[in-house]
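Below is one structure, written out as structure tokens; the observations come after it.
The values are calculated or read from the model by the stated rules, or taken from the named source; none is laboratory data. Computed from a predicted model, the values in this text were never measured in an experiment. Glycine gets a Cβ as well: all are built from the backbone with ideal geometry, and neighbour counts include every protein chain shown. Surface accessibility is based on the protein's heavy atoms, side chains included, excluding ligands, DNA and RNA. Shrake-Rupley method; radii C 1.70, N 1.55, O 1.52, S 1.80 Å.
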Amino acid sequence: MDNTRSFEQAYKATISDSDFRRLAAHIEKSSGIKMPPEKKVMLQSRLKKRLYQLGMNDFKTYCDYVFSPESSGHETLFLLNFISTNKTDFFREPVHYTFLEEEVLPAFSTRKNKLHFWSAGCSSGEEVYSLAILLAEAAMKNLEMDYEVLGTDISTPMLEKAVRAEYREQSITEIPLNLRKRYFLRHKDASKSQVRVGPALRSKVRFRYLNFMDYSYDLPRNFDVIFFRNVLIYFNKEIQEQVLGRIVMHLEAGGYLFIGHSENILNFDLPLEKRGPNVFRKLGD
Ligand SMILES: C[S@@+](CC[C@H](N)C(=O)[O-])C[C@H]1O[C@@H](n2cnc3c(N)ncnc32)[C@H](O)[C@@H]1O
């Protein structure tokens, strides 16, 4: 079959209710991302590209492949990469960055030298670099201070993008000019309209794969600040509670948890007190 035909076949493919249910149950089990029936059209449209990449014409073949010994779980990674929602931005939900600057960093400055931040579900890294910029600015005023920001995600293409640290120039236009000049480099080829985070800031961050559905997380338990924003909304209540319980274990007593503005954790029994707009402080200090 020529390329155009196989492209057309894959793009015409529709998913049956039973194949959708099989894939939806598998996605929920492996990533926690809920897949109610209303998501069928979304799943179908996102996976068509994957069918085409694999040279498959229909979802039945793809579904059988996902569960086959031949794929041996490997396809699950691709599947999750295709269906996860990775929307993010530099300084997204800016009120959190103001809260950090005005309330959290001054409180830490007298009692901590090295701060450990974690952006849990960091997507392509904009949140990690936004936090690093804020910390770098604070460190210029307080020379004793040091910091490190960890970004984790389940999506390997997003993590690769985060490590490359290259972004469209358009995506940083809202950042004040002095910060853009200090922390971003223009691409040598001006026609590319791309910027890259500078090496000094890149040296203060690191990225790694982490699936929130894992039974436990192989990470230190001394984070001072955890940004866990715009991830919970994709999970059902039971998974939200399990994942939050594990995340909070990695927060130091007196440390801060930030969740997305449209998320709510007030019904969960967690050792946290509310301190700001979807900002919580861990009890015990
Ligand atoms: C909408 S983005 C949020 C990015 C950033 N935190 C923000 O607020 O701008 C959600 C991220 O959660 C990640 N994610 C979804 N399920 C996950 C899981 N089970 N384990 C780890 N990351 C997951 C997705 O890959 C995606 O990059």
Odd one out for TYR97, checked against (1) surrounded by 16 or more Cβ atoms within 10 Å (Cβ to Cβ); (2) at pLDDT 95 or above; (3) within 25 Å of TYR209 (Cβ to Cβ); (4) within 15 Å of the ligand (Cβ to nearest atom): (3)
Residue in region 221-229 that is within 13 Å of the ligand (Cβ to nearest atom) and surrounded by fewer than 15 Cβ atoms within 10 Å (Cβ to Cβ) present: no
Subset of region 136-171 [in contact with a Phe, Trp or Tyr (Cβ under 6 Å, 6 or more places away or on another chain) and either open to solvent by 20 Å² or more (accessible area, probe 1.4 Å) or among the hydrophobic types (A, V, I, L, M, F, W, C) (or both)]: VAL149, LEU150, LEU159, ALA162, VAL163
Among (1) in a strand (DSSP E or B); (2) within 23 Å of the chain's Cα centre (by Cα), the one test that ASN264 misses: (1)
Residue identified as more than 16 Å from the ligand (Cβ to nearest atom), under 30 Å from MET249 (Cβ atoms) and of a type outside the set (Phe, Trp, Tyr) among VAL66, VAL104: VAL104
Where GLY284 falls short, out of the listed (1) surrounded by 13 or more Cβ atoms within 10 Å (Cβ to Cβ); (2) on the phi > 0 side of the Ramachandran plot; (3) not polar (S, T, N, Q): (1)
Restricting region 230-255 to residues that are open to solvent by 70 Å² or more (accessible area, probe 1.4 Å) and more than 12 Å from the ligand (Cβ to nearest atom), the residue that is nearest to LEU185 (Cα to Cα): MET249
Meets criteria (open to solvent by 20 Å² or more (accessible area, probe 1.4 Å), outside the structural domain of TYR234 (by TED's automatic domain parsing) and within 16 Å of the ligand (Cβ to nearest atom)) for GLU174: yes
Conditions (1) within 16 Å of the ligand (Cβ to nearest atom); (2) at pLDDT below 95; (3) open to solvent by 30 Å² or more (accessible area, probe 1.4 Å): number failed by ARG208: (2)
Every residue from region 30-41 that is part of a helix (DSSP H, G or I) and in contact (Cβ under 8 Å) with a residue 12 or more places away in the chain: SER30, SER31, PRO37, LYS39, LYS40
Subset of region 100-114 that is surrounded by 15 or more Cβ atoms within 10 Å (Cβ to Cβ) and within 11 Å of LEU134 (Cα to Cα) - its residue that is modelled with the lowest pLDDT: LEU105
Filter result for ASP224 (free of Cβ contacts under 8 Å to residues at least 40 places away in the same chain and either in the same structural domain as GLU101 (by TED's automatic domain parsing) or assigned to a loop (DSSP other than H, G, I, E, B) (or both)): no
